[in-house]
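**Q** Please see the structure below; I have some questions.
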Amino acid sequence: MRTPSDAAPATSTPAAAWARAATFALAVAALASGAGPARAGAPLPDLTTSVADVEVERDANVTPGDVAEGCASATTGVDLLRFSTFSHNEGAADLLLGDPMCPNCATMPGASCGNPAFHCSPAGGHGHGHYTNYATYELLDAEQNVVAVGGKLGFCLLDTFCEGGAVPRFDSCDFQGLSAGCTDEYAYTLGCQYIEVTGLPDGAYTLRVTVDPLDEIAESDESNNAALEPVSLGPHVEPDVALAGTTVRLAALPSGATRLRLAAEAGGPLDLPSAGLAPTQGGATLAVADAGAPGSGLAFDLPADGWEALGRPPGADGWRFRGGKDGPCRRARLGPRGLRARCEGPGLALPAEGVLDVVFTSGGEKRYCVRFGGKERRNDARRLERVKAAIAACPS
């Protein structure tokens, strides 16, 4: 997986280039405009994409290299829509790009690479080769007009992880590709992995990520290369999600504490992939109360950094919380049909019978602070925070 430093500059010696010449010829043959006609009946790769870790970062700082690459307008004071992108090869064949055959891009900015699909970054940029036209990042307004674009260019396509027994074959920026059944990840922490949204009005938008936008790669399916993700800029509070309590069990522990086990049903399918129900973006609060006794009940805070998606984003089949910092709640699982939770501690008391109200709140009334980039912010001041950011007590 690439590092936040945006990877070291990739270079290739003449000897290495000649050693890979035969494979490079195959890589060129796999590229369209192309790529020349594929052999009849030959298996092909199939690129799809997905998006995760969507967040808005206000008043951000970026490196001078990002500005030189055309990703941001300034190194300070910019607003960014950050996100991670995943390229999946769901086809029957590997996607083979081969050796970029680039010179030392740090000392030869803008130079051509031996592999015509690559070129060196510009002067002052990140100092490595870029794959031309691999992906586009666009932000659409409510009328589906493109109002902002990202400047990210692919630089290293490799097998970050594989599924279904697929065997990874590409693990180096010196020889690139994407094996069948494998996924390449560009994390939101990388340079230029964002769209600048400075000056855009608050409102609802759509993030559109497209891989191989010019159809230069021969694929078995050219119609599935885009992913859409709803995005909200500006203050936003998600509505509570009311669940029907079905079973609740209290058990005494040897330590003298009490353990609560809860199962609650949803009144209908929960739209879990949406930003409104992504606990990693805002944390959550689980409240359990006796419907017949106003003022009674328990509330449990579930911070943002304890959740993980069940399934591949953005179509996650639920969220699992494994708490370690938030007091009584240690485990919770939110799925399309409801929620199961286990919390323990002194003083837990609920009626043995009666109607229970269970409310799951994503963000909204929850208050916590995070620190990143040398700044501390509350989640009520910013809707989205970095996943895995350290959570701290908010200053009074």
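Quick note: the coordinates plus some simple rules give every number you see, no bench work behind them. Because the structure is a prediction, the values reported are computed rather than measured. All Cβ positions, glycine included, derive from the backbone under ideal geometry; neighbour counts span all protein chains shown.
**Q** Take the Cα of Thr206, step 7 Å along the line toward its Cβ, and report every residue of segment 70-100 whose backbone nitrogen sits under 12 Å from that point.
**A** none
**Q** So what's the gap between the Cα centers of segment 150-219 and segment 239-269, to the nearest angstrom?
**A** 40 Å
**Q** Using label points projected 7 Å from each Cα along Cα→Cβ, tell me how many nm separate Ser220 and Ala244, to one decimal.
**A** Computed distance between label sites Ser220 and Ala244 equals 4.3 nm.
**Q** When a/c is below 1.5 the answer is rounded, else prolate if a/b is larger than b/c, else oblate, so apply that to segment 170-230 with a ≥ b ≥ c taken from the square roots of the Cα gyration tensor eigenvalues. Numbers along the way, then the final one.
**A** Numbers: a/c = 2.72, a/b = 1.56, b/c = 1.74.
Oblate.
**Q** Which ³J(HN,Hα) values in Hz, rounded to whole numbers, follow from the phi angles of segment 108-116 under the Karplus curve 6.51 cos²θ - 1.76 cosθ + 1.60, where θ = phi - 60° and Gly and Pro get x?
**A** Here the 3J(HN,Hα) series is 10, x, x, 6, 7, 9, x, 7, x Hz.
**Q** Now, a different point. May I have the extent of the alpha carbons of segment 14-233 along their three principal axes, as whole Å values ordered from largest to smallest?
**A** Each principal axis gives a Cα extent; for segment 14-233 these are 51, 39, 31 Å.
**Q** Would you mind calculating the gained length between Ala123 and Asn145 on full extension (0.36 nm times residue separation, minus the Cα-Cα distance), in nm to one decimal?
**A** Numbers: separation 22, 0.36 × 22 = 7.92 nm, distance 3.19 nm.
Roughly 4.7 nm would be gained on extension.
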